[in-house]
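The values are calculated or read from the model by the stated rules, or taken from the named source; none is laboratory data. Quantities reported herein were computed from a predicted structural model and do not represent experimental measurements. Reconstructed Cβ throughout: ideal geometry from the backbone, glycine too, with neighbour counts over all protein chains shown.
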Amino acid sequence: MTAAELGARIAAGPLLLDGGLGSLLIAQGLEPGRSPVHWNLERPEAVRDAARRYARAGSDVVHTNTFGASPPKLEAAGLAGRCAEINAAAVRLAREGFDGTRCIVAGDIGPTGLHFPPMGTATHPELLAVVTEQAEALARAGADLLSIETMYDLREALAALQACRTTGLAVLTSMTFDQKKRGFFTIMGDPLVPSLQALAAAGADAVGMNCSVTAPVMLAMVREAAPAAGVPLIAQPNAGQPLATPSGVVYDADPAAFASDMAAMLQAGARLVGGCCGTDDAFIAAVRAAMAGR
Amino acid sequence: MAHEELLAGLRQAVLDCDEPRAARLAREALDTGMPALRAIDGGLVPGIQEAGRLWDEGEFFLPELVGAAGAMKAAMAVLQPALAGGGSRELGRIVIGTVQGDIHDIGKSLVATLLAANGFAVSDEGADVPVERFVTRARELDADLVCASALLTTTMVQQRTLVEALRAAGLRARVMVGGAPVTPAWAAQIGAAGFADNAVAAVAVARGLVRS
């Protein structure tokens, strides 16, 4: 899917993204702490089923199980050298999960784990090389577009974007911001609106925010960013605050409250909405119902 | 340079993330006869505490905090040998790491750096550390404290396993937990002795835990 084709889809109406993936897989038995990328090889039916659930819930766009499938992350997961194979498997599983629906397969790209100084020693060419390897693997396997998510360093986001653009596919780029006293910033200190504008100027086809915050906080970000971003805005908040319970970690938001916040974000100008940590297909179905009722 | 001026300079060098200047001023301080302890307590510690305050205020971000800790470390490298003569100032022995399955390193490293800069003997085990490794190191070092970071809701359960494993091993080390999804309620629920939601707080909590 080219930038123009994505633009036409968004012009026709807002797009509903998917929700969290890791939590769905954990519910299926993925050991907490283990990278979900393993399941592209070990439990393909569970990965396929996650995509199917989001497709049924009404997602227009479903992400591949490749958030941690950049070469450095794969190496950390004990899967060094298997970037092409794992990314290809994930694209195939997402596509099979949709099974004939009209979903867009977004090749998911998360932070590489490499850091620029002073946090680390990574260089721009290094970042570019590893993201290019993953982006090309996703593109070759037939991803419709590429989706960079949860970036907390604008320099890495820009490097990832540059790498993704070489594939010719449309590219979504989303960063993660916290609320500080002076506004919204990444942990590295990148401010919300200037960061999104930099990404738009560098050729991102949609820009926005995911993770870190709950829907009410993200609504405030949308109100600030939507008029200024320059390209369609993405919003994917977490389900709520994680709460530890004897049976495990749960989130304190319910799908109805989440959907009402997401409807407000659409009202405020967001064009691609979905969920991040703690959200599942029930959340996405609730947002779909809210969108239908607008 | 007068002592007061040197102390203010050290404090500012930390805030400016200026490693060479921090090291140079530390040497000057020793050359003028200032006790190393005074340079630390009157210059470096106020600097790093101010950095922590600016972080809380949203004025400093991770690069500044890491830079300030780096400047403090550079000065400490100069001052440490002078301290050794006057008796060890080691506050306690700490084993720190990010739990297994979690490769988030930044926050944990920052805590480790600040703990070391504040006088603890710190063994940083890195990220993706199995519970058995924490236990082994705690036993080897007779650690006072084991600090475990978890940045994912999916890995924080390892913190509970760690508390249980240390207890089962009969070790005296107490546990401090931290990381984005970790709350005081979670710490209490799993039986961790301490919780900190940032690196500056971690130092204060660690001080309290090794004293009590």
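Tabulated data
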| read-out | value |
| --- | --- |
| Qualifying residue in the range B:104-127 (condition: within 11 Å of another protein chain (Cβ to nearest Cβ) and crowded, with 23+ Cβ neighbours inside 10 Å) | no |
| Lone unmet requirement of (1) crowded, with 24+ Cβ neighbours inside 10 Å; (2) within 19 Å of A:LYS73 (Cβ to Cβ) for A:LEU199 | (2) |
| Scan of the range A:90-139 for residues that are more than 14 Å from chain B (Cβ to nearest Cβ) and among the small types (Gly, Ala, Ser), ordered by number | A:ALA90, A:ALA94, A:GLY97, A:GLY100, A:ALA106, A:GLY107, A:ALA129, A:ALA135, A:ALA137, A:ALA139 |
| The range A:100-129, residues that are surrounded by 23 or more Cβ atoms within 10 Å (Cβ to Cβ) and assigned to a helix (DSSP H, G or I) | A:LEU127 |
| Cβ pairs under 7 Å, 6+ apart, first in the range B:179-190 and more than 7 Å from every other protein chain (Cβ to nearest Cβ), second buried (at least 16 other Cβ atoms within 10 Å of the Cβ) and assigned to a loop (DSSP other than H, G, I, E, B) | B:GLY179/B:ALA150; B:GLY179/B:LEU151; B:GLY179/B:MET156; B:ALA180/B:LEU151; B:VAL182/B:ALA150; B:VAL182/B:MET156 |
| Tally of residues being part of a helix (DSSP H, G or I) and surrounded by fewer than 19 Cβ atoms within 10 Å (Cβ to Cβ) across the range B:167-189 | 6 |
| Top-ranked residue in the range B:1-52 [being free of Cβ contacts under 8 Å to residues at least 40 places away in the same chain and outside any helix (DSSP H, G or I); ranked as farthest from the other protein chains (Cβ to nearest Cβ)] | B:GLY33 |
| Single residue of the range A:169-185 satisfying the filter (touching a Ser or Thr at 6+ places or on another chain (Cβ under 7 Å) and surrounded by fewer than 23 Cβ atoms within 10 Å (Cβ to Cβ)) that is farthest from B:GLY58 (Cα to Cα) | A:THR176 |
| Single condition A:GLY168 does not satisfy, out of (1) without any contact (Cβ under 8 Å) to a residue 12 or more places away in the chain; (2) farther than 23 Å from A:ALA50 by Cβ; (3) among the small types (Gly, Ala, Ser); (4) away from chain B (no Cβ under 14 Å) | (1) |
| Some residue of the range B:132-141 being of a type in the set (Phe, Trp, Tyr) and under 16 Å from the mean Cα position of the chain (by Cα) | no |
| Exclusive hit being of a type outside the set (Gly, Ala, Ser), buried (at least 22 other Cβ atoms within 10 Å of the Cβ) and at pLDDT 90 or above, set B:VAL78, B:VAL14 | B:VAL14 |
| Odd one out for A:GLY19 among (1) of a type outside the set (Ser, Thr, Tyr); (2) assigned to a loop (DSSP other than H, G, I, E, B); (3) farther than 17 Å from A:GLY274 by Cβ | (3) |
| Residue within the range B:53-67 that is away from chain A (no Cβ under 14 Å), within 20 Å of B:VAL200 (Cα to Cα) and at pLDDT 90 or above present | no |
| Scope the range A:58-99; condition part of a helix (DSSP H, G or I), of a type in the set (D, E, K, R) and surrounded by fewer than 19 Cβ atoms within 10 Å (Cβ to Cβ); matching residues | A:GLU75, A:GLU85, A:ARG92, A:GLU96 |
| Hey, B:ALA75 free of Cβ contacts under 8 Å to residues at least 60 places away in the same chain, on the phi < 0 side of the Ramachandran plot, assigned to a helix (DSSP H, G or I) and away from chain A (no Cβ under 14 Å) or not | no |
| Test: residue in the range A:270-278 that is surrounded by fewer than 22 Cβ atoms within 10 Å (Cβ to Cβ), away from chain B (no Cβ under 14 Å) and out of contact with any Gly (no Cβ under 6 Å at 6 or more places or on another chain) | yes |
| Subset tally (residues that are at pLDDT below 95 and among the charged types (D, E, K, R)) for the range A:147-194 | 4 |
| Residue tally, condition outside any helix (DSSP H, G or I) and modelled with pLDDT under 95, over the range A:23-53 | 8 |
| Condition check for B:THR153: among the polar types (S, T, N, Q) and away from every other protein chain (no Cβ under 14 Å) | no |
